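The values are calculated or read from the model by the stated rules, or taken from the named source; none is laboratory data. Quantities reported herein were computed from a predicted structural model and do not represent experimental measurements. Every residue, glycine among them, receives a Cβ derived from its backbone with ideal geometry; neighbour counts consider all protein chains shown. We work out accessible area using only protein heavy atoms, side chains counted, and drop any ligands, DNA or RNA first. Shrake-Rupley method; radii C 1.70, N 1.55, O 1.52, S 1.80 Å.
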Amino acid sequence: MFVWRNIYRGLLMGVSDLIPGVSGGTIAMVLGIYRRLISGINGLMSKKWKKEIGFFLPLLIGVGLALLLVSQLMEKLLQNYPQPTFFFFIGLIIGVVPFLLRKVEYKETFQPVHYILLIVAAILIASTLFLKGDGSGEIMKSLGAMDYVVLFFSGWLASTAMILPGVSGSFVLLLLGSYQTVIHGLSSFQIPLLLTVGAGIIIGLSLTGKLISLLLNRFTVSTYAVMIGLVIGSVVVLYPGFKTDIGLAIASIVTLLLGLSAAFILGKIEHKEESAK
């Protein structure tokens with residue numbers, strides 16, 4: 001049975017992974033499908049992969065639509081209105097934290113060690129702010145064998161980040177100097193490049209999915225504490241500064257509130273549905 005509402009979920013996840021600093025894993029948590037996503041990734045890599053097609057095909061359609069249709073819009077928004085755009089995602093991320101805390105019933109389950117894990121994870125992610133810099137690198141137009149090896153491992157590492165809440169796959173590509181090349185490859189539809197990065201992404205998702213599934217099953221509360229910390233820390237990485245121009249300030253506040261509202265509405269709908277299962 002196809003879960004067709006996963007098209008819009010995939011669309012949101014695809015848009016988020018286009019933006020350095022925003023994680024598709026975080027959006028999956030906003031939507032309340034994170035554990036289902038991880039179990040599904042592991043299922044795809046097993047003999048029972050056919051059972052996961054109904055979940056993943058609509059999700060991939062949504063991600064594909066985001067990459068093909070929304071990438072240019074996001075590029076223009078980030079170029080012309082970076083502050084309001086980032087504030088929308090900051091609002092979206094802040095808005096999901098209360099749902100995550102309630103999901104793990106932190107008042108009953110959290111011990112001092114869990115608060116420590118949360119704080120350490122938040123600091124680790126926030127500290128990547130000092131790595132920011134340009135990092136985009138030049139576009140590799142004439143690709144040699146070594147360039148394809150670099151792109152393969154870039155996809156591998158980026159995919160690991162994609163499904164970790166608070167860690168952005170795009171940000172990892174920026175740090176590796178492959179971001180501009182991959183985005184150019186997407187916009188110009190360079191098949192060999194896309195297949196190379198895609199192969200790295202598939203392997204990375206497989207290995208990371210198994211590890212996260214193991215941690216969620218054996219150390220549920222500790223894993224959620226770390227993930228919530230990763231989400232909180234990503235807000236620091238995303239913060240673009242605050243220019244005092246009145247129009248820009250108002251626009252940023254409005255988009256922040258829109259992000260908070262979107263997280264509240266999505267969280268209310270999606271987490272309520274997940275709880276009812």
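Worth a mention:
- For the criterion of being under 23 Å from V97 (Cβ atoms), touching a Gly at 6+ places or on another chain (Cβ under 6 Å) and of a type outside the set (D, E), M13 passes.
- Just one of (1) touching a Phe, Trp or Tyr at 6+ places or on another chain (Cβ under 7 Å); (2) at pLDDT 80 or above; (3) more than 28 Å from V226 (Cβ to Cβ) fails for S136. It is (2).
- Test result for G10, part of a loop (DSSP other than H, G, I, E, B), open to solvent by less than 20 Å² (accessible area, probe 1.4 Å) and in contact with a helix residue (DSSP H, G or I) (Cβ under 7 Å, 6 or more places away or on another chain): no
- Pick from the range 76-109, criterion of a type in the set (F, W, Y) and touching a Phe, Trp or Tyr at 6+ places or on another chain (Cβ under 9 Å), ranking: most open to solvent (accessible area, probe 1.4 Å): Y106
- Residues of the range 259-277 satisfying the condition of being modelled with pLDDT under 80, exposed (fewer than 15 other Cβ atoms within 10 Å of the Cβ) and over 23 Å from H114 (Cβ atoms): K268, I269, K272, E273, A276, K277
- Pairs where the first residue, in the range 175-187, is touching a residue at least 60 places away in the same chain (Cβ under 8 Å) and assigned to a helix (DSSP H, G or I) and the second is open to solvent by 70 Å² or more (accessible area, probe 1.4 Å) and not aliphatic (A, V, I, L, M), C-beta under 9 Å, 6+ apart: I183/E75; S187/Q72; S187/E75
- Against the criterion of being in contact with a helix residue (DSSP H, G or I) (Cβ under 7 Å, 6 or more places away or on another chain) and either among the acidic types (D, E) or open to solvent by less than 40 Å² (accessible area, probe 1.4 Å) (or both), L256 does not qualify.
- Residues considered: V70, V97, V30. Of these, the only one that is more than 17 Å from S170 (Cβ to Cβ), among the β-branched types (V, I, T) and over 14 Å from the mean Cα position of the chain (by Cα) is V97.
- Being of a type in the set (S, T, Y), in a helix (DSSP H, G or I) and modelled with pLDDT under 85 is a condition met by at least one residue of the range 196-209.
- Identity of the residue in the range 188-223, out of contact with any helix residue (DSSP H, G or I) (no Cβ under 7 Å at 6 or more places or on another chain) and more than 21 Å from M45 (Cβ to Cβ), that ends up surrounded by the most Cβ atoms within 10 Å (Cβ to Cβ): Q190
- Count of the range 28-50 residues which are among the charged types (D, E, K, R) and over 22 Å from Y8 (Cβ atoms): 3
- Just one residue in the set G91, G95 is assigned to a helix (DSSP H, G or I), within 26 Å of I7 (Cβ to Cβ) and either in contact with a strand residue (DSSP E or B) (Cβ under 8 Å, 6 or more places away or on another chain) or at pLDDT 85 or above (or both); that residue is G91.
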